[in-house]
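Here is the structure we will look at, set down as structure tokens.
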Amino acid sequence: MSDVAARLAQVRERVAAACARAGRPVDAVRLLAVSKFQPDELVRDAYAAGQRDFGENYAQALRDRADALADLPDIRWHAIGALQTNKVKYVARAASVFHAVDRLEVAAELSRRREGAPIDVFLEVNLADEDSKQGVAVAEVDALLAAVRALPNLRVVGLMAMPPQPDGFVPEMSRPHFRALRLLGERLGLTELSMGTTEDFEVAIEEGATVVRVGRSIFGARK
Ligand SMILES: *Cc1c(COP(=O)(O)O)cnc(C)c1O
């Protein structure tokens, strides 16, 4: 068994245990393997171990990776990082899901560039109103959602967030943020929640995550 297959099995066990604690069925949570900065071989190892959903942050890296691994059937690419308008075309072509809609301009360009099936998107929310952070402010989510819903080639499925990780961070510190995202999703009638990374995915599952984005626990430290 490859190292990646062994780590993936451990992460799947932790996902299942968190689901059991929360009284949720294990298939309520999709594990997204974040492969940014990892070599193609490790992505192939994860694929061989049954993983199908992979996330990349940077649009060009996603394009290159999708090309390099085009021989793998049913692989699904998720773009999880902020996008500049001029890079949207790569995501429109290669991704099944985009997790980081935070302004209308990018969403509109994505809709314009998308051909074939609509792309599933999450609105990224800046829960703690951090100046340094991407994501739409909570006060502006309703307006952004209404505008994005009017675009023809996008399908809004849920909300995404990256809670702050201050010095001395422990996973429990993410819980109130994850809970706030769930309540916001409920208010907006959005059922999917993309939240939780290596640092805090179990807490995220306990608070209702439907997608967890896990990199280092699966692939090891990034080079
Ligand atoms: C890198 C990244 C992840 C995964 O982080 P790990 O700590 O490697 O699990 C998840 N989400 C986003 C948006 C990221 O940039």
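The values are calculated or read from the model by the stated rules, or taken from the named source; none is laboratory data. The structure presented is a predicted model; accordingly, all values stated were derived computationally and were not measured. Virtual Cβ from ideal backbone geometry, glycine too; neighbours counted across all protein chains shown.
Contact list please: Cβ distance under 7 Å, first residue in the range 67-91 and part of a loop (DSSP other than H, G, I, E, B), second residue at pLDDT below 95 and not charged (D, E, K, R), pairs at least six apart or on different chains.
Once the first residue is part of a loop (DSSP other than H, G, I, E, B) and sits in the range 67-91, its partners that are at pLDDT below 95 and not charged (D, E, K, R) give Ala82/Gln134.
Mind checking which residues of the range 119-152 are polar (S, T, N, Q) and closer than 15 Å to His99 by Cα? Full working, then the answer.
Just the residues of the range 119-152 that are polar (S, T, N, Q), to begin with: 126, 132, 134.
Selection gives Asn126, Gln134.
Being within 14 Å of the ligand (Cβ to nearest atom) and of a type in the set (Asp, Glu) is true for just one of Asp102, Asp142. Which residue is that?
Only one candidate qualifies: Asp102.
May I ask you to verify whether Gly50 is surrounded by fewer than 16 Cβ atoms within 10 Å (Cβ to Cβ) and within 19 Å of the chain's Cα centre (by Cα)?
On the way: surrounded by fewer than 16 Cβ atoms within 10 Å (Cβ to Cβ): yes; within 19 Å of the chain's Cα centre (by Cα): yes.
The answer is yes for Gly50.
Regarding Glu130, is this residue within 11 Å of the ligand (Cβ to nearest atom), part of a loop (DSSP other than H, G, I, E, B) and surrounded by fewer than 21 Cβ atoms within 10 Å (Cβ to Cβ)?
no
Sort out which residues of the range 20-39 are touching a helix residue (DSSP H, G or I) at 6+ places or on another chain (Cβ under 8 Å), in a loop (DSSP other than H, G, I, E, B) and without any contact (Cβ under 8 Å) to a residue 60 or more places away in the chain, and write them in order of number.
Hit for the range 20-39 is Pro25, nothing else.
Working only within the range 145-161, note down all residues that are in a helix (DSSP H, G or I) and either touching a residue at least 60 places away in the same chain (Cβ under 8 Å) or crowded, with 20+ Cβ neighbours inside 10 Å (or both). Steps first, please.
Initial filter on the range 145-161 (in a helix (DSSP H, G or I)): 145-149.
The answer is Val148, and nothing else.
Being away from the ligand (no atom under 13 Å from the Cβ) and at positive phi is the filter here, so list the residues in the range 185-211 that pass it.
Those that are away from the ligand (no atom under 13 Å from the Cβ) and at positive phi: Gly189, Gly208.
Taking the conditions exactly as written (in contact with a strand residue (DSSP E or B) (Cβ under 6 Å, 6 or more places away or on another chain) and either at pLDDT below 95 or away from the ligand (no atom under 13 Å from the Cβ) (or both)), does Arg44 satisfy them or not?
When the stated conditions are applied, Arg44 does not pass them.
Any idea which of Glu140, Glu199 is of a type in the set (Asp, Glu), at pLDDT 95 or above and in a loop (DSSP other than H, G, I, E, B)?
Just one listed residue meets the conditions, Glu199.
Scan the range 212-223 for residues that are in contact (Cβ under 8 Å) with a residue 12 or more places away in the chain, within 12 Å of the ligand (Cβ to nearest atom) and out of contact with any His (no Cβ under 8 Å at 6 or more places or on another chain) and jot them down.
Start the filter on the range 212-223 by keeping residues that are in contact (Cβ under 8 Å) with a residue 12 or more places away in the chain, which leaves 212-220, 222-223.
Within this subset, residues satisfying the condition of being within 12 Å of the ligand (Cβ to nearest atom) are 212-220, 222.
Matches in the range 212-223: Val212, Val214, Gly215, Arg216, Ser217, Ile218, Phe219, Gly220, Arg222.
Would the range 68-75 turn up any residue that is crowded, with 21+ Cβ neighbours inside 10 Å, in contact with a Phe, Trp or Tyr (Cβ under 9 Å, 6 or more places away or on another chain) and modelled with pLDDT of 95 or more?
No, the range 68-75 has no match at all.
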